[in-house]
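The values are calculated or read from the model by the stated rules, or taken from the named source; none is laboratory data. Because the structure is predicted, anything quoted here is derived from the model rather than measured. All Cβ positions, glycine included, derive from the backbone under ideal geometry; neighbour counts span all protein chains shown. Calculation scope for accessible area: heavy atoms of the full protein, side chains included, ligands and nucleic acids excluded. Shrake-Rupley method; radii C 1.70, N 1.55, O 1.52, S 1.80 Å.
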Amino acid sequence: DKFATGDIQLAWFGGVSGVQARNEVPGSRAIVSGSKDLQFKSYFIANASTGLTRSETFPAAIKGLTFTFGSSGSTSGCIMPAHFIVTNTEQNPMDYFSKVGFSGSHDKTAYQVQDGTYQAGAMNFSTYDRLVTEGKIDAETCRIIWQTPPYADYNFTARANLDDMFGEGFTDKLQRLLTDCKDPAVLKAFDRNQFVKVDNTTFQGIADVMKKVKLK
């Protein structure tokens, strides 16, 4: 891991990988997120053949279906959706569904639900919206059946030793530089409208969930 070895000193992490990195390198700091990352969410999606439609509450009718997550370490494609399944059903996802898969990516989750490989799945809301806009999935065939409550996700994390290397207060200056950034090219590269200040406590909820969610 290049962050752990110090080859990378500032990294853009998902919620789960950020917690893992900061645990591995104590003293490292989450410093900024995109404004949308503080209200991130996952979509539960289902193939139209299931007959399921969008619900404001957890869709209990998915019990017993085949279900795919994205990557097993993905915040929005696995860890948080699994957390909401356990919270709402008091069952492990591996027991709640007839078959559980891991597609490896948000895009593949959508495609596997659309083509019927799996009856339902969970994925990042942003990727789903993009795929619909691009015409790569059909919102009626691969439909949203539930939207999770919001949670904090992606973030820039600065390695612990930056102030030692570049001077006292360097990490704070870096945080201010990023939150003040208005460069359209930089913001577009991260698909964000603006960066906002965060700290490690912003992601304590994810850290707590990671200790509880077991997918075996």
Inset, instruction - Be a star and scan the range 86-112 for residues whose amide nitrogen sits under 13 Å from the point 7 Å along the Cα-to-Cβ vector of T57. - result: 88-89
Legend entry - Probe 1.4 Å, protein heavy atoms only - accessible area per residue of the chain in square angstrom: 49 Å²
Legend entry - Using a Förster distance of 22 Å, the FRET efficiency for V186-T87 (Cβ separation, nearest 0.05): 0.05
Legend entry - Solvent accessible area, Å² - D172, 1.4 Å probe, full protein context: 60 Å²
Inset, instruction - Extending each Cα 7 Å along its Cβ direction at E24 and R176, get the distance between those two points in nm, one decimal. - result: 3.1 nm
Legend entry - Full-extension gain in nm, A48 to M94, via 0.36 nm per residue minus C-alpha separation: 14.3 nm
Inset, instruction - With the Cα gyration tensor of the range 112-216 in hand, give its eigenvalues times 5 under a square root as the equivalent ellipsoid semi-axes, listed largest first in whole angstrom. - result: 35, 20, 11
Inset, instruction - Report, ordered by chain and residue number, the lysines lying within cross-link reach of K99, taken as a straight Cα distance under 29 Å and ignoring same-chain residues fewer than 8 apart. - result: K41, K63, K108, K136, K211, K212, K214, K216
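Under DSSP H, which helices of the chain have Cα atoms covering 15 Å or more of the helix axis and a Kyte-Doolittle average no less than 0.5? Please list the in-between numbers first.
Numbers: long enough: none.
Length and hydropathy pass: none found.
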Legend entry - Fraction of accessible area attributable to carbon and sulfur, the range 137-203 (%, probe 1.4 Å): 52 percent
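What FRET efficiency comes out for the pair D129/M165, r = Cβ-Cβ distance, R0 = 45 Å, nearest 0.05?
Here the calculated transfer efficiency is 0.70.
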Legend entry - For the chain, calculated [θ]222 nm from helices alone, where every DSSP H run of n ≥ 4 adds -39500 (n - 2.57): -9000 deg cm²/dmol
Legend entry - Debye-sum result for the chain in log10 I(q)/I(0), which assumes one identical scatterer on each alpha carbon, at q = 0.17 Å⁻¹: -1.13
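If contacts are Cα pairs under 8 angstrom and at least 6 residues apart, what is the relative contact order of the range 59-122 in percent?
Answer for the range 59-122 is 47 percent.
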Inset, instruction - Could you tell me the accessible area of E134 in Å² (1.4 Å probe, neighbours in place), rounded to the nearest ten? - result: 90 Å²
